[in-house]
Amino acid sequence: MHLAILSRNANLYSTRRLIEAAEQQGHSVRVVDTLRCYMNVTTSKPSIHYRGEELENFDAIIPRIGASVTFYGTAVLRQFEMMGVYTLNESVAITRSRDKLRSLQLLSRKGIGLPITGFAHSPDDIPDLIRMVGGAPLVIKLLEGTQGIGVVLAETEKAAESVIQAFMGLKANIMVQEYIEEAGGADIRCFVIGDKVVAAMKRQASPGEFRSNLHRGGSAELIKITPQERATATRAAKAMGLNVCGVDLLRSNHGPVVMEVNSSPGLEGIEAATGKDIAGQIIEYIARHAGPNKNRTRGRG
Ligand code: ADP
Ligand code: MG
């Protein structure tokens with residue numbers, strides 16, 4: 001196959017590993033800088049141009065679109081889809097995953113376990129919103145935050161009220177969520193490829209911190225997940241329409257709950273914690289599934 005990785009930086013661990021794995025399996029691979037792709041969206045024959053040439057003949061696209069370039073990145077991906085090129089994750093699924101509220105609504109439709117979560121617009125509704133999600137302590141999140149930035153733990157109702165007021169005053173979109181205290185500052189990253197969890201790791205927040213993000217100083221270790229956790233992760237991936245993703249679970253006393261689904265999951269932490277060749281498994285998945293017009297949406301939506 002002839003593969004393209006849509007990525008801003010060929011030196012990132014995940015990108016390097018995907019290149020290595022593709023070449024090992026006998027495929028040619030090229031890194032294409034997402035922001036240097038440009039296109040004429042009105043022609044009858046959709047195409048993508050790149051530094052003066054036309055990008056043609058790719059059998060599959062591996063999107064590695066960072067949160068900061070979601071809008072442009074998904075537009076480029078949609079154009080590839082319109083050209084009939086197979087994309088590992090489809091643009092519409094990536095767009096869904098970038099909005100935490102929209103994601104939870106999609107997961108809720110499928111009856112997947114979630115932390116109790118509320119959303120409101122008017123400051124007048126804050127006290128009732130807090131009551132609705134079960135009162136303090138609670139977690140307040142920016143809908144489009146990543147790497148733990150924009151996630152706040154409010155220990156008391158007064159603190160919650162003032163933090164929510166502050167975010168609303170800044171016109172930031174936030175959701176309010178039950179704090180899963182019993183998770184003890186740990187979450188579980190399930191790495192899903194197709195309909196399988198191929199690896200799982202537990203991430204533990206550093207002492208005094210409740211956010212387990214590796215970017216916030218969390219540490220990762222191998223963990224054995226339960227059949228219920230496995231089923232929750234694969235159902236979540238399916239509900240989002242993602243072929244490859246990281247599903248983050250919390251162990252709550254009402255069973256596993258999904259916190260978020262990441263459509264560009266990093267490979268470094270999970271390969272280090274599990275010793276597995278995840279990049280290799282991604283390329284194998286593409287080899288089994290890629291083909292002209294094999295995407296579901298083909299640029300719709
Ligand atoms: P981000 O997209 O910034 O990673 P998350 O929703 O994943 O945002 O939250 C970051 C971290 O905060 C999680 O990995 C988890 O450790 C902790 N956390 C988030 N929500 C909750 C919650 N409802 N209860 C307990 N811990 C939480
Ligand atoms: Mg997270």
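The values are calculated or read from the model by the stated rules, or taken from the named source; none is laboratory data. Computed from a predicted model, the values in this text were never measured in an experiment. Here the Cβ is made from the backbone with ideal geometry for all residues, glycine too, and neighbour counts use every protein chain on show. Keep in mind that these areas ignore ligands, DNA and RNA; they rest on the heavy atoms of the full protein, side chains included. Shrake-Rupley method; radii C 1.70, N 1.55, O 1.52, S 1.80 Å.
Under 13 Å of direct C-alpha separation, and excluding same-chain neighbours fewer than eight residues apart, residue 45 reaches these aspartates and glutamates: 54, 56, 81.
Once you have the Cα-Cα distance between residue 165 and residue 110, take 0.36 nm times their residue separation minus that, and quote the gain in nm to one decimal.
Details: separation 55, 0.36 × 55 = 19.80 nm, distance 3.17 nm.
The residue 165-residue 110 span can extend by a further 16.6 nm.
Could you identify which residue out of 227, 115, 256 has the top mean-square fluctuation in a GNM of the chain using Cα springs shorter than 10 Å? For the chain, modelled as a Gaussian network with Cα springs under 10 Å, the answer is 227. Excluding ligands, DNA and RNA, the accessible surface per residue across the chain is 47 Å² with a 1.4 Å probe.
Evaluated at q = 0.29 Å⁻¹, a Debye calculation over the C-alpha positions of the range 117-179 (equal weights, vacuum) places log10 I(q)/I(0) at -1.42. Which of 31, 192, 69 moves the most in a Gaussian network model of the chain with Cα springs under 10 Å? So, out of 31, 192, 69, the one fluctuating most is 69. Given the -39500 (n - 2.57) contribution per DSSP H run of 4+ residues, what per-residue ellipticity at 222 nm results for the chain, rounded to the nearest 500 deg cm²/dmol? My calculation for the chain gives -9500 deg cm²/dmol from helical runs alone.
Figure note: 277, 248 ranked by solvent-accessible area, largest first, 1.4 Å probe, ligands and nucleic acids not counted: 277, 248.
What's the extension gain from residue 43 to residue 72 if we count 0.36 nm per residue and subtract their Cα-Cα distance? Walk me through the intermediate numbers first.
Details: separation 29, 0.36 × 29 = 10.44 nm, distance 1.89 nm.
Contour length minus the Cα-Cα distance gives 8.6 nm.
Net charge near residue 177, counting Lys/Arg +1 and Asp/Glu -1 over other residues with Cβ under 10 Å of its Cβ? Charge balance in the 10 Å sphere: +1. Do the alpha carbons of any pairs in 110/171; 196/238; 196/276 sit beyond 19 Å of each other, and which pairs? Exceeds cut-off: 110/171. Only Cα pairs within less than 10 Å get springs; with that Gaussian network setup on the chain, which residue of 111, 218, 194 has the largest fluctuation? Looking only at 111, 218, 194, the largest GNM fluctuation is found for 111. Computed on the Cα atoms alone, the convex hull of the range 157-283 gives a volume of 128 cubic angstrom per residue.
In the chain, what percent of the accessible surface is made up of carbon and sulfur (1.4 Å probe, ligands and nucleic acids excluded)? Could you put the intermediate results ahead of the total?
On the way: 6950 of 14190 Å².
For the chain, the apolar C and S fraction of the accessible surface comes to 49 percent.
Candidate cross-link partners of residue 202 among the aspartates and glutamates, defined by an alpha-carbon separation under 19 Å and a same-chain spacing of 8 or more, comprise 181, 182, 187, 221, 229, 248, 260, 268, 271, 277.
Loop-located trypsin sites (Lys or Arg not before Pro) in the range 203-268 (DSSP state not H, G, I, E or B) with no more than 10 neighbouring Cβ atoms inside 10 Å: 224. Structural size metrics of the chain, computed from C-alpha coordinates, are Rg and Dmax of 20.0, 61 Å.
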